[in-house]
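K.L.:
Got a structure for you, questions after.
None of the figures in this text is laboratory data; all of them are computed from the coordinates on show. Values in this document were obtained by computation on a predicted structure and should not be read as measured data. Every residue, glycine among them, receives a Cβ derived from its backbone with ideal geometry; neighbour counts consider all protein chains shown.
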């Protein structure tokens, strides 16, 4: 299709991509109930974690987008969306052909998930030559519950000319992550983060201004959890861990910390924090209370 232009989307396009993602969720009947703000944060984290996005434009109008990542032996397409007013005009197939020819290697598989009730999407992908390979089955006994909220921080210090990041191994699930804990009644997010860091690690930290990231996941009991993470600098590397909560702690360089984190969305936040730390440098910072 000669009118189609495929352009790379950057992190600053996260809100526009999230708006289309919200429409995709509505169109396909997904059970995702995230707000637009939450979708924007998630989209930003996808892009920071190595996902690639392209926007499809037709005659200076945005017609849709794709979000994917390269994995060993495959390309995984997480989102592929065409706005309603541009459907059934050959734009989706033209965009897919462009991606095949210009961005995806010819010797790897292209895989994606389609909600079983989304018949039009299944027909579209079949028309392009896709075949069903597996069926994902879902079983949930979860009742409607309030979101559990925790607050903490990416804590760092300087050593040997480079930042070191504090990771803790949580006793409850054995995951490596950042110090954090449940927000208490009457506390602000920042107050909770400071208290939890002090309780879990014994560190007194200085918070860096204008760093506020969120991530979301389901607990083993299918409760939705929201985690707010700040960025905080510690002058000391002496950790006094809360033994009934924390199994172990480590100060690691960026690459080692990135590899050690259990959750992908935590890695995306560490990437953003590392950028900010390098921008901030080692200058003396005012204490944020």
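K.L.:
With each pseudo-label sitting 7 Å past Cα toward Cβ, what's the residue 199-residue 212 distance in nm, one decimal?
P.N.:
Taking the simple label geometry, residue 199 and residue 212 are separated by 2.2 nm.
K.L.:
Another question, if that's okay. Contact order normalised by length for the chain, with contacts defined as Cα pairs under 8 Å and 6 or more residues apart; what percent is it? Can you show the working numbers first?
P.N.:
Numbers: 450 pairs, mean separation 48.8, N = 289.
In percent, rounded to a whole number, it is 17.
K.L.:
Just need the Rg to Rh number for region 148-280, please, alpha carbons only, Kirkwood Rh. Write down the numbers at each step before the final one.
P.N.:
Values: Rg = 13.6 Å, Rh = 14.7 Å.
Reported Rg/Rh (Cα atoms, Kirkwood Rh): 0.93.
K.L.:
Okay, next question. For region 104-138 and region 1-44, write down the distance between their C-alpha centroids in whole Å.
P.N.:
If you average the Cα positions of each part, the centres end up 19 Å apart.
K.L.:
Taking Cα atoms, how many degrees apart are the long axis of helix 14-28 and the longest axis of the chain, rounded to 10 and kept between 0 and 90?
P.N.:
The angle comes out at about 60 degrees.
K.L.:
Based on a Kirkwood Rh over C-alpha pairs, give the Stokes-Einstein translational diffusion coefficient of the chain at 25 °C and viscosity 0.890 mPa s in µm²/s. Don't jump to the answer; show the numbers that get you there.
P.N.:
Details: Rh = 21.2 Å.
Translational diffusion coefficient: 116 µm²/s.
K.L.:
Also, I was wondering about something else. What spacing in nm lies between the two simple spin-label points modelled at residue 107 and residue 12, each 7 Å away from Cα in the Cβ direction?
P.N.:
Once both label points are built, they end up 3.8 nm from each other.
K.L.:
Now, a different point. Hey, fewest Cβ within 10 Å first, where do 127, 30 land in order?
P.N.:
Working: 127 10, 30 14.
Lowest count first: 127, 30.
K.L.:
Further question: I'd like the orientation of helix 91-102 relative to the chain: the angle between its Cα long axis and the longest Cα principal axis, in ° from 0 to 90, rounded to 10.
P.N.:
Helix 91-102 and the main axis of the chain meet at about 70 degrees.
K.L.:
In nm, what is the difference between 0.36 nm times the number of residues separating residue 256 and residue 117 and their Cα-Cα distance? Show your work: numbers first, answer last.
P.N.:
On the way: separation 139, 0.36 × 139 = 50.04 nm, distance 4.20 nm.
Full extension from residue 256 to residue 117 adds 45.8 nm.
K.L.:
Once you have all Cα-Cα distances for region 1-147, histogram them in 5 Å bins from zero and send the whole-percent values.
P.N.:
Over region 1-147, the share of Cα pairs per 5 Å bin runs 2, 8, 17, 21, 22, 17, 8, 3, 2, 0 percent.
K.L.:
Still on this structure: Taking neighbour counts of Cβ atoms within 10 Å as a proxy for exposure, in what order, fewest first, do 108, 66, 155 appear? Before the final figure, lay out each step's value.
P.N.:
Values: 108 13, 66 25, 155 28.
Fewest-to-most Cβ neighbours within 10 Å comes out as 108, 66, 155.
K.L.:
Can you give the extra length, in nm with one decimal, that the chain gains between residue 35 and residue 171 once fully stretched, where that is 0.36 nm per residue apart less the Cα-Cα distance? Show your work: numbers first, answer last.
P.N.:
Values: separation 136, 0.36 × 136 = 48.96 nm, distance 3.12 nm.
Computed gain between residue 35 and residue 171 is 45.8 nm.
K.L.:
Taking a ≥ b ≥ c as the square roots of the Cα gyration tensor eigenvalues, with a/c under 1.5 meaning rounded and otherwise prolate when a/b beats b/c, else oblate, which class fits region 90-182? Each step should come with its number before you reach the end.
P.N.:
On the way: a/c = 3.30, a/b = 1.65, b/c = 2.00.
Cα axes put region 90-182 in the oblate bin.
K.L.:
Under the rule of -39500 (n - 2.57) per DSSP H run of 4 or more residues, summed and divided by the residues of the chain, what mean residue ellipticity at 222 nm is obtained, to the nearest 500 deg cm²/dmol?
P.N.:
Numbers: 7 runs with 86 residues, N = 289.
My calculation for the chain gives -9500 deg cm²/dmol from helical runs alone.
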